[in-house]
1. The range 39-112: which trypsin sites (Lys or Arg not before Pro) are DSSP loop and have at most 13 other beta-carbon atoms within 10 angstrom?
2. So what are the ³J(HN,Hα) numbers for the range 32-41, from phi and the Karplus equation (6.51, -1.76, 1.60; θ = phi - 60°), rounded to whole Hz, Gly and Pro as x?
3. Suppose a student asked you for the relative contact order of the range 4-124, using Cα pairs under 8 Å spaced at least 6 residues apart; what percent would you report?
4. Once each part is reduced to its C-alpha centroid, what is the distance from the range 61-126 to the range 1-38 in angstrom?
5. Let's see if you can work this out: charge +1 on each Lys and Arg Cβ, -1 on each Asp and Glu Cβ, no other charges. What is the dipole magnitude of the range 4-124 about its Cα centre, in debye to the nearest 20?
6. Which loop-located GluC sites (Glu not before Pro) does the range 24-83 contain, where loop means any DSSP state but H, G, I, E or B and the Cβ has at most 11 other Cβ atoms within 10 Å?
7. Give a quick list of chymotrypsin sites (Phe, Trp or Tyr not before Pro) in the range 24-126 that DSSP marks as loop, anything other than H, G, I, E or B, with at most 12 other Cβ atoms within 10 Å.
8. In whole Hz and in residue order, list the ³J(HN,Hα) couplings for the range 21-27 that follow from phi through the Karplus curve 6.51 cos²θ - 1.76 cosθ + 1.60, θ = phi - 60°; x for Gly and Pro.
Amino acid sequence: MSKRIQYSIEFAIKCSPTILYDFLSTATGLGEWFAEKVTQKENKFYFHWKGNDEMAEMIAAEENEYVVFRWDWMNENEYFEFRIEKSPVTNETILTITDYAEKKDIKDQEQLWETQIHDLKHRVGS
């Protein structure tokens with residue numbers, strides 16, 4: 001297996017950080033846009049897609065600022081993070097996603113995130 005590298009991608013989301021945080025940090029919110037069904041037991045989240053199930057642990061969170069998950073198959077030093085910031089210039093809410101992928105897969109992963117975030121924007125009315 002080749003080495004996975006960190007990458008980040010940014011999206012402007014037209015909603016408050018509080019609303020966005022709920023969509024990123026709760027099973028109900030994630031079930032609206034990220035997977036067909038999401039269940040939670042303590043800090044473990046179970047994601048269900050058409051016959052595929054995955055588990056991620058929420059390893060860090062700060063209300064209205066960030067949520068960090070680690071898939072159960074990721075290395076100890078890998079994670080995926082949702083970071084929420086307000087642009088001081090435009091006052092827009094900016095969502096930055098940080099994730100890991102093999103270099104050859106980054107473009108595909110970015111396209112997958114873009115599709116997911118398109119669904120998120122639709123759900124929050126952005």
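1. Numbers: sites: LYS41, LYS44, LYS50, ARG70, ARG83, LYS86, LYS103, LYS104, LYS107; in loops: LYS50.
In loop regions of the range 39-112 (DSSP not H, G, I, E or B), the sparsely surrounded trypsin sites (Lys or Arg not before Pro) are LYS50.
2. In residue order, the calculated couplings are 6, 9, 8, 8, 5, 8, 9, 10, 9, 10 Hz.
3. 31
4. 5
5. 240
6. Those satisfying the criteria are GLU36, GLU42, GLU76.
7. Listed in order of number, the matching sites are TRP73.
8. Whole-Hz 3J(HN,Hα) from phi for the range 21-27: 4, 4, 6, 9, 10, 10, 4.
A short reminder: the numbers here are calculations on the coordinates, not readings from a lab. Since we're looking at a predicted model, the values are computed, not measured. Here the Cβ is made from the backbone with ideal geometry for all residues, glycine too, and neighbour counts use every protein chain on show.
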